[in-house]
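See structure below.
Read-outs throughout are calculated quantities, based only on the coordinates presented, and are distinct from any laboratory measurement. Being a predicted model, the structure only gives us computed values, none of them experimental. We place every Cβ from the backbone using ideal geometry, glycine too, and count neighbours over all the protein chains shown.
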Amino acid sequence: MSTPRFAAITTAHAKLNLALQVLGLDACGYHAIRSVMISLELADSLSLEAEGSITRTPSVDLEVRGGGHDVPDDDRNLAVRALRLFYEEHGGPSTVRMRLRKRIPSQAGLGGGSADAAAVLRALGIPRGLSYDELGELGARLGSDIPFAIKGGAALVSGRGEHVQPFPVRGSWWVVLVQPVERISTAWCYRRWDELNPDMSRSTLATAPNTRPGCRLQDLQEGLEAGCLEDVVANLYNDLEHPVFDLHPHLQEIPRVLREGGCAGALMTGSGSCFFGLAHSRAIARTAAALTRARNLGWVHITRTRQETP
């Protein structure tokens with residue numbers, strides 16, 4: 001009888017929140033959101049090799065290259081947690097070697113850890129016939145951005161992130177990413193949002209005073225579907241910018257400089273601390289990137305939006 005073997009090489013794409021609306025607390029005390037997300041070409045790469053008898057408790061050897069000292073190389077890593085969760089449900093070869101090349105910065109709001117976890121679930125689940133929806137349900141047990149990252153592209157995401165409604169996008173745009181030295185904890189950001197919005201933080205979702213109309217998300221989605229960057233940037237917003245700017249008001253310079261450099265619009269993604277500018281052309285993106293580097297505003301990277309599914 002031959003020993004079961006498995007090998008895969010895959011990519012894990014970063015994401016942007018083009019709009020992020022915090023609705024309040026659900027019945028379990030978690031923050032419910034509505035967000036328009038889109039994938040980027042910026043991606044981590046991941047290889048998996050497994051062999052040995054079938055088990056639900058594998059031995060995992062993870063090697064991480066890049067990403068800095070704050071990226072764990074043990075069971076705290078979300079990619080390893082995703083693999084162990086998949087094995088608990090479906091099993092697999094007992095010895096796993098995982099090699100992760102990090103290009104997406106951590107604590108940036110770009111969903112790098114979630115993308116890595118989603119890549120693991122796809123690599124393990126798609127060959128076994130599991131659907132994107134089934135993998136998304138599994139991923140939702142680990143993190144709110146994972147269900148979107150399972151398929152990627154563009155989508156309206158709601159609830160805690162478990163409800164994903166994909167939609168088509170016409171064309172793509174250049175993106176300038178700027179991550180300052182400041183790092184923002186997602187947990188802190190939501191706590192500070194609660195403090196700045198006491199009426200909503202003390203209410204359940206059923207009674208919270210939702211003062212933000214949903215029409216901007218609809219207009220943003222329509223702009224993406226039509227390939228109209230002007231309509232997209234007119235509807236960019238992020239409810240979590242307020243807590244971040246409350247703590248670090250100087251970070252407001254980053255979107256100002258991106259627009260000064262020619263970007264049509266600029267915003268913070270997720271809970272930060274990364275900001276992005278959207279540009280019509282690579283030339284404009286390079287001009288904006290050069291200006292942000294000259295102002296010493298942080299790590300700068302040029303990429304593009306990505307609509308294709310994995």
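Counting Lys and Arg as +1 and Asp and Glu as -1, each charge on the Cβ, what is the dipole of segment 5-166 about the Cα centre in debye, to the nearest 20?
In debye, rounded to 20, segment 5-166 gives about 220.
Using only Cα atoms, tell me the angle between helix 186-196 and the longest principal axis of the chain; keep it within 0 to 90° and round to the nearest 10.
Roughly 40 degrees between the two axes.
For segment 229-275, list log₁₀ I(q)/I(0) at each q in 0.13, 0.24, 0.26 Å⁻¹, using the Debye formula over Cα point scatterers of equal strength and ignoring solvent, two decimals each.
Here log10 of I(q) over I(0) equals -0.28, -0.90, -1.01.
Segment 50-110 to segment 227-241: how many Å between their Cα centroids?
Taking the Cα centre of segment 227-241 as reference, the centre of segment 50-110 is 35 Å away.
Roughly what angle does helix 282-294 make with the longest principal axis of the chain, taking Cα atoms, 0 to 90 degrees, to the nearest 10?
On a 0 to 90 degree scale, this one is about 80.
How much length would be gained if the chain were fully extended between His248 and Arg76, taking 0.36 nm per residue of separation minus their Cα-Cα distance, in nm to one decimal?
In short, 59.1 nm is gained.
Just need log10 I(q)/I(0) for the chain at q = 0.07, 0.11, 0.14 Å⁻¹, Debye formula, equal scatterers on the alpha-carbon atoms, no solvent, rounded to two decimals.
-0.27, -0.67, -1.06
With the cut-off at 28 Å, report for segment 174-306 the share of all Cα pairs above it, as a whole percent.
That fraction is 23 percent.
With 10 angstrom as the radius, rank His250, His13, His280, His31 by how many other C-beta atoms surround their C-beta, starting from the fewest.
Going from sparsest to densest Cβ surroundings: His250, His280, His31, His13.
Pop a pseudo-label 7 angstrom from the Cα along the beta-carbon direction at both Ile54 and Arg304 and give the gap in nm to one decimal.
4.3 nm
Any chance you could run the full-extension gain for Glu88 through Asp219? It's 0.36 nm times the residue separation minus the Cα-Cα distance, nm to one decimal.
Full-extension gain reported as 43.0 nm.
Tell me, in nm to one decimal, what length is gained between Val181 and Glu41 on full extension, where the rule is 0.36 nm per residue of separation less the Cα-Cα distance?
Between Val181 and Glu41, full extension yields 48.1 nm more.
Would you report the distance distribution of C-alpha pairs in segment 5-166 as whole percents per 5 angstrom bin, up to the bin with the largest distance?
2, 10, 19, 22, 20, 14, 9, 4, 1, 0
Compute the angle between helix 78-90 and the longest alpha-carbon principal axis of the chain, please, reported from 0 to 90 degrees and rounded to the nearest 10.
Helix 78-90 sits roughly 50 degrees off the main axis of the chain.
Using Cβ counts within 10 Å as a stand-in for footprinting exposure, how do Ile9, Ile254, Ile284 rank, fewest first?
Sorted ascending by nearby Cβ count, the order is Ile9, Ile284, Ile254.
How do Leu278, Leu18 rank when sorted from fewest to most other Cβ atoms within 10 Å of their own Cβ?
Leu278, Leu18
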